[in-house]
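Each value in this text was obtained by applying a stated rule to the coordinates, not by laboratory testing. Here the structure is a predicted model, which is why all the values come from computation and not from measurement. Heads up, the Cβs are rebuilt from the backbone with ideal geometry, glycines too, and the neighbour counts pull from every protein chain shown.
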Amino acid sequence: LIDEKIENNKKINHHLVELIDAQFTHLLQNNELFKSTFSEIGEIVGGGTPSKKVEEYWNGDIPWLSPKDLSLNPAMFTSKGQNSISELGYKKSSAKLMPRNSILFSSRAPIGYITIAENDISTNQGFKSIIPKPEYPYTFVYELLKQETPLLESSASGSTFKEVSGTHLKNHEILIPSSTAMNSFHKSVEPLFETISLNEKEIQKLIETRGILLPKLISGEISVAS
């Protein structure tokens, strides 16, 4: 029953994402577009990692994200990763605190995971994140970055592994509609984003519940009524 509920929620979210993508395509195809860059629509922020050798820098109250977290749990919204850092670790590193609704973008190893910050969160240096300016809705910036990712990835540089640099992301040319069109899009899709967020939270709770119940079922501590 738990697995069935998880799959149902995933199917609903998949359908909602398709609806949002379709509305975004419609927005770009049916409005006059103006040249811009990512640096003009938001602040581009890198990340950092406190020294692993100093215990006091870790297991604090500040959520901290690495690309690995998103590979293990790809989701539209993210509140935390497997690790967290302390206030001291934050001060002693180049990690930055991004506010809620920042768009977090993995810029290397691998390029292209995108998630929305559900709360204040920091990342390692494998991210180049966008804090949208107030006049640019987070829903629009998320969809735009998603659309531009293949281009950003194909033009990434690096000898050991490909990376999208902060300068590269800042200067990347984009086409955007008027503020009126963007805000109209935001009003239309924000309820869909919120529904996806609620469904993702429920999926996470169900996975946690399954993780608690499964060992007990296997060991015979609890039985399934026939």
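Considering region 1-108, what Rg and Dmax in Å follow from its alpha-carbon atoms?
Considering region 1-108 through its Cα atoms, Rg and Dmax are 18.4, 54 Å.
Cross-link partners among lysines for K216, C-alpha distance below 19 Å, same-chain residues fewer than 8 apart left out?
Hits, sequence-local ones excluded: K205.
Take the Cα radius of gyration of the chain and divide it by 2.2 N^0.38 Å, with N its residue count; two decimals is plenty.
For the chain, the normalised Cα radius of gyration is 1.13.
Between rounded, prolate and oblate, where does region 14-62 land on the alpha carbon gyration tensor, with a ≥ b ≥ c its root eigenvalues, rounded for a/c under 1.5, else prolate if a/b exceeds b/c?
Oblate, since a/c reaches 1.5 and b/c is not below a/b.
Based on alpha-carbon positions alone, could you give the equivalent ellipsoid semi-axes of region 99-143 from the gyration tensor, as √(5λ), descending, whole Å?
Equivalent ellipsoid of region 99-143: 18, 12, 8 Å, largest first.
Relative to the compact globular guide of 2.2 N^0.38 Å, what is the alpha carbon radius of gyration of region 115-226, as a ratio?
1.56
When ranked by the protection proxy of mean other Cβ atoms within 10 Å per residue, highest first, what sequence do the peptides 101-111, 206-216 form?
Result, highest mean Cβ count within 10 Å first: 101-111, 206-216.
Counting only C-alpha contacts under 8 Å and six or more residues apart, can you give the relative contact order of region 128-226 as a whole percent?
Once normalised by length, the contact order is 27 percent.
Applying 1/(1 + (r/R0)^6) with R0 = 45 Å to the Cβ-Cβ distance of K162 and L1, what FRET efficiency is obtained, to the nearest 0.05?
0.55
Relative contact order for the chain: what is it in percent, counting Cα pairs under 8 Å that are at least 6 residues apart?
27
Which of the residue pairs K11/K162; K92/K201; K53/K133; K11/K146; K11/K68 have a Cα-Cα distance greater than 26 Å in the structure shown?
As for pairs spanning more than 26 Å Cα to Cα, those are K11/K162; K92/K201; K53/K133.
Between A22 and T37, what is the label-point separation in nm under the 7 Å Cα-to-beta-carbon projection?
In this crude label model, T37 to A22 measures out at 3.7 nm.
Can you tell me the convex hull volume per residue for region 62-162, based on C-alpha atoms, in Å³ to the nearest whole number?
Normalising the Cα hull of region 62-162 by residue number yields 103 Å³.
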